[in-house]
Amino acid sequence: MSMQQSAMQQSMISNMGAMRERAQTGIEVHANPHTAQKDNFHTAMKQAVRRVDDHQQHASQLTADVDAGRSDDLVGAMVASQKASISFQALSQVRNKVLSAYDDVLKMPL
């Protein structure tokens, strides 16, 4: 088993050396057009905000139906409300991380 690990380690070391040489020569790397996504960050955030809004509107509708007596599904309304709350909290955390990263980039010395 140690022979296999040693051979694997040597292979990894040689691969890392080849990568280092490529990085030092300044080879230009192009994105693979087959795997490139057409969506950008703006589109992804817009979709996330819409999903959170949909969750909140759905929960609000279920809660209003229970309050008005049109539905007896109190558990469903509570679950939808919690789902909306959690999705909003997650979106808020993502926003906070993005803003923190943006601040860090602005503070970088040139």
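Since every read-out is calculated from the coordinates, none of them should be taken as a lab result. Predicted model, so just to flag it, every value in this text is computed and none were measured. Backbone-built Cβ (ideal geometry, glycine too); neighbour counts: all protein chains shown.
Listing for the model above:
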quantity: Fully extended contour minus Cα-Cα distance, from residue 6 to residue 42, at 0.36 nm per residue; calculated: 8.3 nm
quantity: Net dipole in debye of segment 33-107 [+1 Lys, Arg Cβ; -1 Asp, Glu Cβ; about Cα centre; nearest 20]; calculated: 400
quantity: 11 Å beta-carbon shell around residue 74, net charge (K/R +1, D/E -1); calculated: -4
quantity: Eligible aspartates and glutamates near residue 46 by straight Cα distance, threshold 18 Å, same-chain separation 8 or greater; calculated: 54
quantity: Two-site FRET efficiency, residue 51 against residue 74, from Cβ-Cβ distance with R₀ of 22 Å, rounded to 0.05; calculated: 0.35
quantity: Rounded, prolate or oblate (a/c below 1.5 giving rounded, otherwise prolate when a/b exceeds b/c) for segment 33-107 by Cα gyration tensor; calculated: prolate
